[in-house]
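The values are calculated or read from the model by the stated rules, or taken from the named source; none is laboratory data. None of the values given here were measured: they were computed from a predicted structure. Cβ placement follows ideal geometry from the backbone for every residue including glycine, while neighbour counts extend to all protein chains displayed.
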Amino acid sequence: MMIESRESYAPRIEGGRFVVDPAINTVKSELHFGNQVVRCLARRPQRFDELLRIASRETPDREALKCQDESLDYRAFGDWADRIAHGLENAGIGVGDRVGVFLGNGLPFLIAMMGVVRRGAIAVPLSAKMSAAELAYVLNHCEAAALISETDLQSRMPSADEIPSVRKHWCVNSPEGRLGDLGEHFPGVKQPFPETGEEDDTILLFYTSGTTGRPKGACITNLNIVHSALQYAYGIDLQTNQRGLLAIPGSHISGFMALFINVLSSCGCTVILRRYDTTTVLRTLLEEHITFTVFVPAIYHLILMHPDFRPDQMGEWRTGIYGGGIMAPATVSRMSDLLPQLQLINAYGATETSSPVSIMPAWASRERPASIGLLVQCGEALIMDEAGVELPTGEIGELWIRGPMVVPRYWNDPAQTVANFKSGYWKTGDVVSMDAEGYLYIHDRKKDMINRGGYKIFSAEVENAALSIKGVMEAAAVAVPDDVMGERVCLCLRTEPGEDNEQHIRGELARLLADYKRPEFYIIGTEPLPRNANGKITKAPLVEAARQFVGQRQ
């Protein structure tokens with residue numbers, strides 16, 4: 001089936017969740033992954049690759065991918081997927097073999113990913129920011145049989161001796177994300193590659209960012225991806241022929257699933273930026289008539305503050321998904337005021353959920369700026385205490401999620417699978433609550449909560465308060481150890497030049513926060529806070545910096 005055009009369809013909400021119109025689809029319980037019963041959408045493609053096959057058949061002449069001044073229509077995109085699939089088969093890469101894709105944002109990255117999937121192998125996207133040691137760990141952990149890389153990244157490639165399972169390595173020249181010499185490695189073929197695989201087959205291995213230890217490989221299946229595409233389409237009223245801007249890494253779950261898969265399922269065009277730059281983003285939004293974006297909240301904030309931002313010229317920008325954190329209410333309000341046609345939609349998910357768990361209806365964002373929205377149609381949620389007992393509505397606990405979008409396991413890691421998956425539910429590590437209407441609210445990551453003399457402080461609450469202050473661009477609240485109170489709050493801020501007055505910021509936070517939540521230490525500068533390749537602030541280096549800072553002052 002094609003993910004239909006629904007020109008008159010609008011998301012329906014019943015019982016605190018999104019509900020699909022029965023005229024479009026229905027839900028039924030099914031057995032998957034050996035022993036899990038999950039709620040599934042009855043009408044769906046059976047394989048992820050069908051999305052590209054459908055687009056190539058139904059809209060062959062429509063622009064599919066564009067990077068710099070080079071573009072492909074869907075006919076050519078499908079042909080390239082066939083070329084990669086045949087090339088892998090001819091090189092002895094079999095169904096289920098892992099293939100590392102170490103390519104930066106560009107045409108070759110998306111072509112390679114779809115070609116590996118079409119072959120029936122398992123694509124393992126690798127961040128272009130990875131070090132040689134990180135690459136070696138992932139390739140060895142998944143026992144990759146092959147690797148597709150690019151010449152621009154060879155300085156960070158491990159040696160062949162360090163990745164012994166890799167028996168075939170294609171290194172392509174793709175300057176600035178163009179096709180380059182990809183065709184020399186994967187020559188054209190006349191016949192299409194046959195369909196292969198089952199719904200429950202793992203076809204992608206996305207490795208987590210490793211903030212709590214070694215990265216874990218989330219086994220993403222056909223069932224997971226197809227449901228992610230459908231639940232996004234139904235939850236955000238995704239119309240056909242979107243023009244999406246891939247400005248975040250395609251090798252991470254948000255870029256690939258929330259941006260590329262959504263655009264592919266609408267038979268639209270993915271416009272690819274080689275690397276993020278706010279000036280380039282603003283220019284591309286206008287020149288490429290972008291309708292759809294997926295950014296972390298900080299990017300929307302940076303757009304608002306940029307001197308090139310011209311809201312009166314951006315009437316075609318209609319949908320802006322954000323995730324990876326709560327958008328500061330002040331940012332939501334200002335974006336809504338300046339771009340009234342833009343639907344800002346908070347979509348909450350993770351690598352282990354292969355994208356959305358909950359979606360915030362755009363019309364409710366201003367009334368509930370701290371909410372991550374309502375559960376998607378097939379999602380099931382529990383809010384659990386430390387003992388694994390479900391809590392009543394309104395109480396705060398850890399979010400557990402089950403559904404067809406939740407991955408069945410971690411690759412080659414039974415201990416972490418047992419620790420993090422319970423009866424089909426994935427333990428998110430996020431501390432949340434749900435109100436009587438079904439809206440979910442994230443209060444913090446369990447590991448980021450600060451305990452000051454027995455009072456639990458949610459770092460996200462402190463950060464959002466700071467971001468509402470004029471001139472504050474980024475904020476991260478971290479704990480520093482204290483012999484008396486256990487922990488105290490240190491607030492790390494990036495401000496605009498000239499907006500670093502600590503006394504002013506202290507005064508504003510005294511007005512916004514209860515006394516026990518107010519930071520006692522401040523590290524303020526104009527340099528960006530550290531972020532991982534997916535755009536999320538990484539707190540480990542900030543914790544160390546805060547400890548050194550506080551130690552020097554005592």
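Laid out as a table, the results:
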read-out: Test result for T393, of a type in the set (V, I, T), over 18 Å from the mean Cα position of the chain (by Cα) and not assigned by TED's automatic domain parsing to the domain that holds S468; value: yes
read-out: Any chance T291 is farther than 24 Å from L126 by Cβ and out of contact with any Ser or Thr (no Cβ under 6 Å at 6 or more places or on another chain); value: yes
read-out: Matching strands (runs of 3 or more DSSP E) fully within segment 107-182 where at least 1 residues are of a type in the set (S, T, N, Q); value: 146-150
read-out: Pair list, Cβ < 7 Å and 6+ apart or interchain, from segment 56-73 residues that are touching a residue at least 40 places away in the same chain (Cβ under 8 Å) and surrounded by 18 or more Cβ atoms within 10 Å (Cβ to Cβ) to residues that are part of a helix (DSSP H, G or I) and of a type in the set (S, T, Y); value: T59/Y74; A64/Y74
read-out: Residue match in segment 122-130 (condition: more than 17 Å from L205 (Cα to Cα), touching a helix residue (DSSP H, G or I) at 6+ places or on another chain (Cβ under 9 Å) and polar (S, T, N, Q)); value: no
read-out: Qualifying residue in segment 516-527 (condition: in a helix (DSSP H, G or I), over 30 Å from A247 (Cα atoms) and among the aromatic types (F, W, Y)); value: yes
read-out: Candidate set: segment 345-386, residues that are without any contact (Cβ under 8 Å) to a residue 24 or more places away in the chain and among the acidic types (D, E); chosen: the one surrounded by the most Cβ atoms within 10 Å (Cβ to Cβ); value: D385
read-out: Residues within segment 28-69 that are within 30 Å of T280 (Cα to Cα) and in a strand (DSSP E or B), tallied; value: 5
read-out: Count - residues of segment 214-243 that are part of a loop (DSSP other than H, G, I, E, B) and within 19 Å of G324 (Cα to Cα); value: 3
read-out: Qualifying residues in segment 310-331 (those that are of a type in the set (A, V, I, L, M) and surrounded by fewer than 22 Cβ atoms within 10 Å (Cβ to Cβ)) - the one farthest from L238 (Cα to Cα); value: A330
read-out: Qualifying position, being among the β-branched types (V, I, T) and modelled with pLDDT of 95 or more, among I3, I54, I24; value: I54
read-out: Count of segment 170-229 residues which are within 19 Å of F256 (Cα to Cα), aliphatic (A, V, I, L, M) and at pLDDT below 95; value: 1
read-out: Qualifying residue in segment 330-348 (condition: charged (D, E, K, R), out of contact with any Lys or Arg (no Cβ under 7 Å at 6 or more places or on another chain) and under 23 Å from K470 (Cα atoms)); value: yes
read-out: Of residues in segment 461-513 being in contact (Cβ under 8 Å) with a residue 60 or more places away in the chain and assigned to a loop (DSSP other than H, G, I, E, B), the one surrounded by the fewest Cβ atoms within 10 Å (Cβ to Cβ); value: E496
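Residue by residue, here is whether (1) in a strand (DSSP E or B); (2) within 22 Å of F206 (Cα to Cα); (3) out of contact with any strand residue (DSSP E or B) (no Cβ under 7 Å at 6 or more places or on another chain); (4) not β-branched (V, I, T) holds:
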site: M405; (1), (2), (3), (4): no, yes, yes, yes
site: Q416; (1), (2), (3), (4): no, yes, no, yes
site: G429; (1), (2), (3), (4): yes, yes, no, yes
site: V432; (1), (2), (3), (4): yes, no, no, no
site: Y441; (1), (2), (3), (4): yes, no, no, yes
